[in-house]
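The values are calculated or read from the model by the stated rules, or taken from the named source; none is laboratory data. Fair warning: this is a prediction, and the values are worked out from it, not measured in the lab. Note: ideal-geometry Cβ built from the backbone for every residue, glycine included; neighbour counts use all protein chains shown. Note: accessible area is taken over every heavy atom of the protein model, side chains too, but ligands, DNA and RNA are not part of it. Shrake-Rupley method; radii C 1.70, N 1.55, O 1.52, S 1.80 Å.
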Amino acid sequence: SRGYQMIASYTYGKTIDDVTDLNFVQAPQDPNNSRAERGLSAYNVNHRLSVASLFESPFDGSAGKPFYQRVLADFYFSPIATVRSGFPFNILTGVDINQDNNNNDRPFAVGRNTGIGPGFFAVDMRLGRRFRFGADGQRSVETILDAFNLFNRVNYKDVNNNTGGVLY
């Protein structure tokens with residue numbers, strides 16, 4: 001009723017498993033030792049915060065109002081900010097340590113998904129205006145401008161998880 005709204009959501013979580021998928025990169029290092037595979041899930045996100053809001057123009061655009069009020073009426077602005085922690089990943093040697101013909105081996109004493117990738121941050125926004133027409137003003141056309149990752153921050157999907165043969 002006062003022309004603005006805000007909603008925020010925070011999630012704290014932790015997911016643990018002993019296998020994420022049966023694809024090559026995330027296959028068990030030692031299929032006979034499932035305890036060594038217990039670790040963070042590849043989709044684990046410890047922290048995630050999302051804040052969204054909506055600001056509507058306080059001006060009344062009805063007939064008989066001053067010109068500046070009619071011009072500035074029916075605008076709205078809606079930003080969304082999202083920040084989250086990074087995803088876990090396996091640290092791999094890139095060489096076949098255990099001679100099983102797979103290069104998915106981890107360095108000595110390094111657990112599954114112990115690396116944590118970079119976090120994510122983005123601000124998106126929407127600016128819109130409704131143009132009312134008709135005798136009663138019940139009909140309208142709306143124009144919308146959307147911008148994603150407004151501050152052009154680099155958000156990496158993956159990292160280089162290969163140690164280049166370093167075993168310890």
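When the range 108-140 is examined, which residues are found to be over 30 Å from A36 (Cα atoms), modelled with pLDDT under 95 and open to solvent by 60 Å² or more (accessible area, probe 1.4 Å)? So that I can check it myself, show each step before the final result.
Going through the range 108-140, the residues over 30 Å from A36 (Cα atoms) turn out to be 121-140.
Now narrow it down to the ones that are modelled with pLDDT under 95: 130-140.
Once the filter is applied, which keeps residues that are over 30 Å from A36 (Cα atoms), modelled with pLDDT under 95 and open to solvent by 60 Å² or more (accessible area, probe 1.4 Å), the range 108-140 yields R130, F131, R132, F133, A135, D136, Q138, R139.
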*Within the range 111-128, work out how many residues are over 29 Å from S57 (Cβ atoms) and under 19 Å from the mean Cα position of the chain (by Cα).*
6
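Quick check on this structure: which one of N104, N98 is surrounded by 15 or more Cβ atoms within 10 Å (Cβ to Cβ), touching a residue at least 12 places away in the same chain (Cβ under 8 Å) and either assigned to a loop (DSSP other than H, G, I, E, B) or charged (D, E, K, R) (or both)? Outline the logic, then answer.
Working: N98 fails: surrounded by 15 or more Cβ atoms within 10 Å (Cβ to Cβ).
Only one candidate qualifies: N104.
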_Restricting to the range 29-63, and then to whatever is open to solvent by less than 40 Å² (accessible area, probe 1.4 Å) and in a loop (DSSP other than H, G, I, E, B), can you tell me which residue is modelled with the lowest pLDDT?_
G61
*Could you give every pair whose Cβ atoms fall below 9 Å, whose first residue belongs to the range 63-82 and is within 16 Å of V141 (Cα to Cα) and among the charged types (D, E, K, R), and whose second residue is assigned to a strand (DSSP E or B) and open to solvent by 80 Å² or more (accessible area, probe 1.4 Å), counting only separations of at least 6 or pairs across chains?*
D74/E56; D74/R130; D74/F131; D74/R132
_If Y76 meets every condition in (1) within 28 Å of the chain's Cα centre (by Cα); (2) open to solvent by less than 70 Å² (accessible area, probe 1.4 Å); (3) farther than 23 Å from L127 by Cα; (4) not polar (S, T, N, Q) apart from one, which number is that one?_
(3)
*Might you check whether a residue that is outside any loop (DSSP other than H, G, I, E, B), out of contact with any Cys (no Cβ under 6 Å at 6 or more places or on another chain), in contact (Cβ under 8 Å) with a residue 24 or more places away in the chain and among the acidic types (D, E) occurs anywhere in the range 143-150?*
no
*Filter the range 141-168 down to the residues that are touching a Gly at 6+ places or on another chain (Cβ under 9 Å) and on the phi > 0 side of the Ramachandran plot, then identify the one that is least open to solvent (accessible area, probe 1.4 Å).*
G165
